[in-house]
Structure formats: structure tokens, C-alpha cells
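The values are calculated or read from the model by the stated rules, or taken from the named source; none is laboratory data. Bear in mind the structure is a predicted one, so any value in this text is a computation, not a measurement. Every residue, glycine as well, gets a Cβ built from its backbone with ideal geometry; the counts of neighbours run over all protein chains shown.
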Amino acid sequence: MIRYDEGMGFLLKFENVAWYEDGKVRILDRRIYPIEIKFVTCTTHNEVAQAIADMVTQSGGPYTAAAMGMALAAYEAMKKGESDVLSYMEKAAYTLSHARPTTVEKMKQVTEGSMKVVRECLQAGQSGQSIVDALFDYAFMRINNNYKKHFLIAKHLADKIPQGGTIMTQCFGETIIGTLLRECQNRGNAIKMICPETRPYFQGARLTASVACDMGFDVTVISDNMPAYAMKEKKVDVFTSAADVITMDGYVVNKVGTFQIALAASYWGIPYFATGTPNPAHPLIDTVKIEQRDAALVMDSLGTKTTMDGVKGYYPAFDITPPKLCDGIVTDKGIFAPMNLKAYFEKNEINRHEDIDIMPICP
């Protein structure tokens, strides 16, 4: 089997995202990488959900963690009867999918896929370790197929970057970052990257920049109040971000700060391309709930308090970029105008063997 993490930076190796083994899920703690390489070990699916909520992993990491967490939940339920197993797994699916409010609908796609595997195993008369193994296989195939899908996305995005061009990113787009850089390597395009630091967790500085550096690219970190100036002075060619939610009416919900960079890009005439898949579960932007995180985090810098006692903080985790500021949604099927995302679901796959939505069922 081809592993689609080949050639990726350390952060993007499957075992360094989230990994189930022997009744535990191991998750790389992205809150402190690369200052320290440390893994959080979860012995229950509730601990996996808490790790997701606590930002131990982020970007695409929570989806893999949830799938691996479902394998762990099956391990916890190994000695239960068939009806109890099903009930236990359904509760686990709810807990994992609702770990963070903004991404519930997208996360449910993961846990519902896991539940399909559980039901098929039970119908086949299988139990115990067989269900655990089947859920691990599902989790593994899901992340591998997701990387495969992102290689297609990366090809479309790479077409928009000139030879030797400079791109600005936001936060840590995880898979698209690794696949885009690998695609540029394959094309001999030595692009440069400008990464805003992305407070308060510094994902741009610690994660995106680390992957780019790992893979041999020229990468520069700037603070979050520099993008508008840096875009002109550093001659940025493209601004790109991933998206936590892309609504069917064309809005991009991503790490807070994306909107203001998109505004600056629009002012300078720099195209902004968001990567991801539009979500039919969110037909309108009004269906998205913006997560409000602990305000104390914005008054802190990597463990050091930066404000006087009595000062207040405010921390929305995401912001909303309107469709008019986005030049295209880059998907595995091509690039679509934000106001025409229904076309994504109407377009047939060019090559059926590229269909990444097919997941293995219980053997």
C-alpha cells in the first residue's frame, strides 16, 4: 500500500498526528512543538475528546484523533454485549464529534464513518478485537485517503503559484501545506513562504514554518500585525489558507485573522485561494457557530503572562471571510467560484480510481 505521507515533514507523518495502539491513542502535542517534542497519551475516548478541545492537536489533526479515538472506544467496550457495544460507541461518537463546536458537522462525517464500520462488524457476528482492528484500519485509510485527496488539491493550487513565487499562509493548513510543498518540489518550483505567527498558539510560527523548514523551503515568520505591509514589501504572489468550514453560500470560516489578511490581499490585488471541500451541512453562514475560547489565552504568550491583572481578553477561535474576498475554493475536483459551490457536487470525478471517499468495511 502506498503511504501518502512519504516525503512529508515530521509533523505530517501519520504516527505523529494521532495513532492508536494497544488500548491507547498517542497524539503529538502541537501546543509546544517544535520547542519540545512531546506526545499526549490518551487511555479513554473521553481523554481524546478533551485533547481535541484543549488544542493538543488542531487543523486536520482532530479528525484523525477522533477516528483513532473511536478505535479506542471499541477497545474500552470489548467486554460488553452487542447492544451495549452499539450504545457505547454511539455515545463515544457524539462525545468525539462535539469536542469543538464550530467543526461538529465535519467531525460527524468521521464518527459516522466509524459507526458504519461498527454496525457492519456486528452484523457480521464480529466483536471485541475484530471491531477495534476494523476501526483502526478505517482511521488509517481515512488519513491516507485524505492525503491522497490533498495531493489533487495541491496540484490545482500549485498551478496558481508562479515559478519562484512567494505565498503567505495563515495558521497551519496541515495536509495541504505538506502536499503543496511536495508538489512544488516535484515541479522544481522553489517557492518562498511568509507565515504570520498566528497567536495565541503560534501555529504559523511553530507548525507551518517547521514543516516548510523540514522540507527545505525558504520560510519567514512575521507577527500577526505585519501581513498588510509584508505583502507589498515581500512581493507576495498568493495568499492561501485552509478552512475549518466552507459554507455552501461561499463563506470561509478559518482561524481568526484570515479575514483581515484577505482584506489586505484584496487591497493589493493579491489573489486569495482557500482549500477544502464545501459542506452541505452548512447551506448558509448563519448555521456556523463560532467557538469562543478562554480569553486568558490572549493575555499569555507561551506560558508567560503579558497583561496586568484586571485587563480583559477576547478570543474567538475563527473568523468569517465573505465570498467576495476569495478568488477561488481549491478542491480535489478543481477550483470553484465561492458563489458557485453547488458545481462541486455536480461535477463527476474525472478518474474513478481517484475517488477517496470509499472506505474499507469490517473484514
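State all residues of the stretch 115-167 that are part of a loop (DSSP other than H, G, I, E, B), more than 29 Å from Cys326 (Cβ to Cβ) and in contact (Cβ under 8 Å) with a residue 24 or more places away in the chain; if no residue qualifies, say none. Ala124, Gln126, Ser127, Gly128 - these are the residues of the stretch 115-167 that are part of a loop (DSSP other than H, G, I, E, B), more than 29 Å from Cys326 (Cβ to Cβ) and in contact (Cβ under 8 Å) with a residue 24 or more places away in the chain. Filtered by the rule that a residue be of a type in the set (S, T, N, Q), within 16 Å of Ala242 (Cα to Cα) and part of a loop (DSSP other than H, G, I, E, B), the stretch 189-207 gives a lone residue, Thr198. As for the stretch 281-303, it holds at least one residue that is at pLDDT 95 or above, within 29 Å of Lys148 (Cβ to Cβ) and hydrophobic (A, V, I, L, M, F, W, C).
Under the condition of being touching a residue at least 60 places away in the same chain (Cβ under 8 Å) and crowded, with 23+ Cβ neighbours inside 10 Å, which residue from the stretch 257-273 is nearest to Gln170 (Cα to Cα)? Top of the filtered list is Thr258. Of all residues in the stretch 80-109, those satisfying the criterion of being in a helix (DSSP H, G or I) and farther than 19 Å from Lys289 by Cα are Glu82, Ser83, Asp84, Val85, Leu86, Ser87, Tyr88, Met89, Glu90, Lys91, Ala92, Ala93. Note on the stretch 64-97: among residues that are farther than 16 Å from Leu122 by Cα, of a type outside the set (Gly, Ala, Ser) and touching a strand residue (DSSP E or B) at 6+ places or on another chain (Cβ under 9 Å), the one that is surrounded by the most Cβ atoms within 10 Å (Cβ to Cβ) is Met68. Taken over the stretch 11-56, the criterion of being within 18 Å of the chain's Cα centre (by Cα), assigned to a helix (DSSP H, G or I) and surrounded by 15 or more Cβ atoms within 10 Å (Cβ to Cβ) is satisfied by Leu11, Leu12, Phe14, Asn16, Val48, Ala49, Gln50, Ala51, Ile52, Ala53.
Sub-7 Å Cβ pairs linking a first residue in the stretch 80-106 that is more than 14 Å from Gly128 (Cβ to Cβ) to a second residue that is among the aromatic types (Phe, Trp, Tyr) and buried (at least 21 other Cβ atoms within 10 Å of the Cβ), at least 6 apart or interchain, are Thr102/Phe318, ordered by first then second residue. Within the stretch 314-335, does at least one residue satisfy the condition of being touching a residue at least 40 places away in the same chain (Cβ under 8 Å), part of a helix (DSSP H, G or I) and under 16 Å from Thr198 (Cα atoms)? There is no residue in the stretch 314-335 that is touching a residue at least 40 places away in the same chain (Cβ under 8 Å), part of a helix (DSSP H, G or I) and under 16 Å from Thr198 (Cα atoms). The residue that is surrounded by the fewest Cβ atoms within 10 Å (Cβ to Cβ), counting only those in the stretch 299-327 that are within 25 Å of Ala265 (Cα to Cα) and aliphatic (A, V, I, L, M), is Ile320.
Is it the case that some residue within the stretch 48-70 is touching a residue at least 12 places away in the same chain (Cβ under 8 Å), over 25 Å from Val245 (Cβ atoms) and either in contact with a Gly (Cβ under 9 Å, 6 or more places away or on another chain) or not acidic (Asp, Glu) (or both)? So far as the stretch 48-70 goes, no, none of its residues is touching a residue at least 12 places away in the same chain (Cβ under 8 Å), over 25 Å from Val245 (Cβ atoms) and either in contact with a Gly (Cβ under 9 Å, 6 or more places away or on another chain) or not acidic (Asp, Glu) (or both). When Phe217, Phe172 are screened for being within 14 Å of the chain's Cα centre (by Cα) and within 16 Å of Leu11 (Cα to Cα), only Phe172 passes. For Lys347, the criteria (1) surrounded by fewer than 13 Cβ atoms within 10 Å (Cβ to Cβ); (2) modelled with pLDDT under 95; (3) in contact with a helix residue (DSSP H, G or I) (Cβ under 7 Å, 6 or more places away or on another chain) hold in every case but one, which is (3). Across the stretch 262-303, what is the number of residues that are over 16 Å from Ile176 (Cβ atoms) and not in a loop (DSSP other than H, G, I, E, B)? Going through the stretch 262-303 one residue at a time, the tally reaches 19.
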